[in-house]
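One structure below.
The values are calculated or read from the model by the stated rules, or taken from the named source; none is laboratory data. Note that this is a predicted model, so its numbers are computed, not measured. Using ideal geometry, Cβ is built from the backbone for each residue, glycine included, and neighbour counts are taken over all protein chains shown.
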Ligand code: TYD
């Protein structure tokens, strides 16, 4: 399953809380974070988050490269051994940020990514929705993408809402403005029948 949302929506905290809850039930759980998690992925992370300005297609291709490594080396082996995988960002991040907000085109980015992950899409995606001004206040030291400006963040927020309408069977959208512990319970409730 994957967690998605704008920067500052609290998805990393929620992904960790869900991981902890599943581990407490005795399940074998892997939590991944993108970009990163492999040697190539960590280098891509530096380049894309702290590097120079680049074209939207370069960004899409770099995130895809990091994802290819992560899926092949980490996610697939974990699924093959029967573990549950929770991903803090996955294909929907590229669809929202590069495909829609940066204008590469959602169909192009989806096609690229479906090849990259060899068709491996999440069973369920938790989309945390939060007013972009509130999310902005929660972000600490901003990286290159987080500095992109309020307009860009509003486009990402709108992009995620568009994706939720397009993939209603997979994406569970949840209001993320409540306190973390309460939100975590709500997420588990909404996922109960699906995981
Ligand atoms: P983020 O989840 O903010 O990582 P961290 O909290 O560790 O800094 O992700 C980093 C940024 O990368 C974020 O602004 C979203 C962006 N991003 C994309 O634009 N496309 C992608 O495919 C992914 C995975 C991330």
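Of the numbered conditions (1) surrounded by 14 or more Cβ atoms within 10 Å (Cβ to Cβ); (2) touching a residue at least 60 places away in the same chain (Cβ under 8 Å); (3) over 15 Å from the mean Cα position of the chain (by Cα), residue 7 satisfies every one except a single condition; which is it?
(3)
Given the stretch 89-162, what helices (runs of 4 or more DSSP H) lie entirely inside it while holding 3 or more residues that are more than 16 Å from the chain's Cα centre (by Cα)?
Numbers: elements: 91-94, 106-116, 132-138.
Helices (runs of 4 or more DSSP H) meeting the threshold: 106-116, 132-138.
Could you list all residues from the stretch 160-190 that are within 13 Å of residue 125 (Cα to Cα) and either touching a strand residue (DSSP E or B) at 6+ places or on another chain (Cβ under 7 Å) or crowded, with 17+ Cβ neighbours inside 10 Å (or both)?
If the condition is that a residue be within 13 Å of residue 125 (Cα to Cα) and either touching a strand residue (DSSP E or B) at 6+ places or on another chain (Cβ under 7 Å) or crowded, with 17+ Cβ neighbours inside 10 Å (or both), then 160, 163, 164, 170, 171, 172, 173, 174, 187, 190 are the ones that fit.
From the residues in the stretch 50-88 that are under 15 Å from residue 121 (Cβ atoms) and not in a helix (DSSP H, G or I), which one is farthest from the ligand (Cβ to nearest atom)? Quick ask: steps written out before the conclusion?
Kept after step one, since they are under 15 Å from residue 121 (Cβ atoms), are these residues of the stretch 50-88: 64, 67-68, 70-71, 75-76, 79, 85-87.
If we keep only those that are not in a helix (DSSP H, G or I) too, we end up with 85-87.
On the way: 85: 15, 86: 13, 87: 9 Å.
Residue satisfying both the conditions and the ranking: 85.
Can you report the number of residues in the stretch 13-33 which are under 16 Å from residue 93 (Cα atoms) and either in a strand (DSSP E or B) or at pLDDT below 95 (or both)?
Just the residues of the stretch 13-33 that are under 16 Å from residue 93 (Cα atoms), to begin with: 15, 32-33.
With the extra rule that they be either in a strand (DSSP E or B) or at pLDDT below 95 (or both), the set shrinks to 32-33.
Residues meeting the conditions: 2.
Pick out the one residue from 151, 131, 157 that is more than 30 Å from residue 73 (Cβ to Cβ), surrounded by 17 or more Cβ atoms within 10 Å (Cβ to Cβ) and away from the ligand (no atom under 12 Å from the Cβ).
Working: 151 fails: surrounded by 17 or more Cβ atoms within 10 Å (Cβ to Cβ); 131 fails: surrounded by 17 or more Cβ atoms within 10 Å (Cβ to Cβ).
Result of the check over 151, 131, 157: 157.
Quick one: count up the residues across the stretch 163-188 that are in a loop (DSSP other than H, G, I, E, B) and over 16 Å from the mean Cα position of the chain (by Cα).
From the stretch 163-188, those in a loop (DSSP other than H, G, I, E, B) are 167-170, 176-179; that's our starting set.
Then drop every residue that is not over 16 Å from the mean Cα position of the chain (by Cα), which leaves 168-169, 177-179.
Selection size over the stretch 163-188: 5.
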